[in-house]
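Written out below as structure tokens is the structure these notes cover.
The values are calculated or read from the model by the stated rules, or taken from the named source; none is laboratory data. Every value quoted in this text rests on a predicted model; they were computed, and no experiment measured them. Here the Cβ positions follow ideal geometry from the backbone for every residue, glycine too, while neighbour counts run over all protein chains shown.
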Amino acid sequence: MEQELVRSEKLQLVGQLAAGFAHEIRNPLTTIRGFMQIFHQSDATKGEHKVHYDVIIKEIDRVNSIIGELLQMANPKSVSTKSETNIGELLTDIYTLYKPEATEKEIAMKLHLEPMPTVYLDRSKLHQVVMNLVKNGLEAMDGSGKLILNATENSERETIEISIEDTGVGMDEKTVEMLGTPFFTTKETGTGLGLMTSFRIVEELGGEISVSSIEGVGTTFTIQLPLHAVKMYQ
Ligand code: ADP
Ligand code: MG
């Protein structure tokens, strides 16, 4: 027990250090990005260099996303705070957050909720997972398509089942096998950290995550949260 405590204190320290570094790096990055934006828009950088400024800004954004995801990872388990959570509300929040972006990309975003018991878990962590999956779903479609968020109680498996279904590019078997590997990304500006973090969190929550995907048709990620792990007042 004593050992465990020391370990979690150290983890907390690493987390604090990482957060400190992240902010120190982000501040100058914000300045650099701001000036790059000005150069990018000024007449002096017309022509062939315009494209280089585009790349610089994209790369700065990528560094920023990597820092953001590292920060999420550094967030130690010991600060996990469980609370009464209504999964329907949580999904509605995420739906509301991403609906405008979906509409802009002409993606039909739907939310299907069925009655579910209130659960007891770290709400912000589950929020982070579903957000990562919704983001990936939207990024898998370039204009048109469908993204469906489902949540229901699966009484046979005794779980709460949350699925995120898209009609995007889908994945071949090799890609599916790579999912969750740190820095594995097929996107120009991806970080390849979203799924790794999400898989880890689902495990922390006592759940399981699975994927089914068909190239050119779409992908469905399904999270199963066993009721025994998330029931109230445990
Ligand atoms: P990132 O989104 O930064 O690339 P992720 O860890 O979130 O990192 O995802 C890793 C890779 O998994 C993506 O680059 C993509 O190739 C694949 N992927 C994840 N979700 C989907 C999806 N819904 N449809 C198709 N491919 C996906
Ligand atoms: Mg992602």
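Miscellaneous remarks
- Selection from the stretch 144-183 of residues that are outside any strand (DSSP E or B) and within 16 Å of ligand 2 (Cβ to nearest atom): Gly168, Val169, Gly170, Met171, Thr175, Val176, Met178, Leu179, Gly180, Thr181, Pro182, Phe183
- Scoring Ile87 on the criteria (1) at pLDDT 95 or above; (2) surrounded by fewer than 19 Cβ atoms within 10 Å (Cβ to Cβ); (3) not acidic (Asp, Glu) leaves a single failure, condition (2).
- Of all the criteria given as (1) free of Cβ contacts under 8 Å to residues at least 60 places away in the same chain; (2) under 15 Å from Ala102 (Cα atoms), the one not satisfied by Ala140 is (1).
- Filtered residues of the stretch 203-230 (kept if touching a helix residue (DSSP H, G or I) at 6+ places or on another chain (Cβ under 8 Å), buried (at least 18 other Cβ atoms within 10 Å of the Cβ) and among the β-branched types (Val, Ile, Thr)): Ile209, Thr219, Ile223
- Unique match (being within 16 Å of ligand 2 (Cβ to nearest atom) and either over 30 Å from Gly216 (Cβ atoms) or part of a strand (DSSP E or B) (or both)) among Met141, Met73: Met73
- Test: Thr186 is buried (at least 16 other Cβ atoms within 10 Å of the Cβ), hydroxyl-bearing (Ser, Thr, Tyr), within 12 Å of ligand 2 (Cβ to nearest atom) and not in a strand (DSSP E or B): no
- Among the residues of the stretch 159-184, those that are at pLDDT 95 or above and either on the phi > 0 side of the Ramachandran plot or of a type in the set (Val, Ile, Thr) (or both) comprise Thr159, Ile160, Ile162, Ile164, Thr167, Val169, Gly170, Thr175, Val176.
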